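The values are calculated or read from the model by the stated rules, or taken from the named source; none is laboratory data. Everything quoted here is computed from the prediction, not taken from an experiment. Cβ: placed from backbone, ideal geometry, glycine included. Neighbour counts: every protein chain shown.
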């Protein structure tokens, strides 16, 4: 079926067993592999408006991280970005991908940086979108939920209400946050299992991982594009030039009048910047 006649959401979800857990992913297109890595609290569907266009040129793979989306939510697994990096490398092995272009967002960008530093042979080129870096995370909104007793005192319904109210803060234009968009991102958390998984994920939001490799960014020899919404409330725009300056030869492009979720707010512009960069 042609890429322009099928939506990402209509694609079947496939699974790979990695370290004893099911990792969900969707795949579309042919050619050089392009790996899309989401952040928190989103899932692989954050790429729904960009994946079909990218898949006209590449074999695009969009997984859910462990403990997110349709992937398994084990109660005792390490879900730090360090562990997720290891899982993504093993996922590439399982899918026969020796080397990929990597586009990553939010804490997914932390995974992208860890891959570039520790597994440079696996990345061809990379795009870091509104990425965690240095000491930019976790954001204050999540820190509040980690106060002692909050998880236990918050019902699933109350938690989902908090998440729905949180979503508009991630865009510049509130009209972008439709009920459909919100449900795509909060639905996997809307159960006792999902709520518990989300809190486990938040407890592993640790800036020490990106701080530990801050001095190694200067050794990255991978062509890098830093793409950033200039109205991002979560990953502050001041971090964008810091990240671009730290990686030799990295280019910084601003997405004007866009917040954190640029793939929702400016999908066409996001695709154009990615394709232009990868085509060089």
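Within segment 6-26, identify whether any single residue is assigned to a loop (DSSP other than H, G, I, E, B), in contact with a helix residue (DSSP H, G or I) (Cβ under 8 Å, 6 or more places away or on another chain), under 20 Å from residue 129 (Cα atoms) and touching a residue at least 60 places away in the same chain (Cβ under 8 Å), and answer yes or no.
No, segment 6-26 contains no residue that is assigned to a loop (DSSP other than H, G, I, E, B), in contact with a helix residue (DSSP H, G or I) (Cβ under 8 Å, 6 or more places away or on another chain), under 20 Å from residue 129 (Cα atoms) and touching a residue at least 60 places away in the same chain (Cβ under 8 Å).
Take residue 259 and decide whether it is touching a helix residue (DSSP H, G or I) at 6+ places or on another chain (Cβ under 6 Å) and more than 23 Å from residue 82 (Cβ to Cβ).
Answer is yes for this residue.
Taking segment 235-280, which residues are part of a loop (DSSP other than H, G, I, E, B), under 17 Å from the mean Cα position of the chain (by Cα) and crowded, with 19+ Cβ neighbours inside 10 Å?
Within segment 235-280, 235, 258, 259, 260, 261, 266 qualify.
Let me confirm something: among 115, 65, 46, which residue is in contact with a helix residue (DSSP H, G or I) (Cβ under 6 Å, 6 or more places away or on another chain), modelled with pLDDT of 95 or more and either surrounded by fewer than 24 Cβ atoms within 10 Å (Cβ to Cβ) or under 16 Å from residue 199 (Cβ atoms) (or both)?
Testing whether each residue is in contact with a helix residue (DSSP H, G or I) (Cβ under 6 Å, 6 or more places away or on another chain), modelled with pLDDT of 95 or more and either surrounded by fewer than 24 Cβ atoms within 10 Å (Cβ to Cβ) or under 16 Å from residue 199 (Cβ atoms) (or both) leaves just 65.
Do any helices (runs of 4 or more DSSP H) lying entirely in segment 112-216 carry at least 3 residues that are without any contact (Cβ under 8 Å) to a residue 40 or more places away in the chain, and which ones are they?
Qualifying helices (runs of 4 or more DSSP H): 140-145, 150-153, 156-166, 179-186.
Give the number of residues within segment 93-108 that are surrounded by 23 or more Cβ atoms within 10 Å (Cβ to Cβ) and not in a strand (DSSP E or B).
Within segment 93-108, residues that are surrounded by 23 or more Cβ atoms within 10 Å (Cβ to Cβ) and not in a strand (DSSP E or B) number 2.
State yes or no: is residue 78 free of Cβ contacts under 8 Å to residues at least 60 places away in the same chain and out of contact with any helix residue (DSSP H, G or I) (no Cβ under 8 Å at 6 or more places or on another chain)?
So residue 78 does not fit the description; no.
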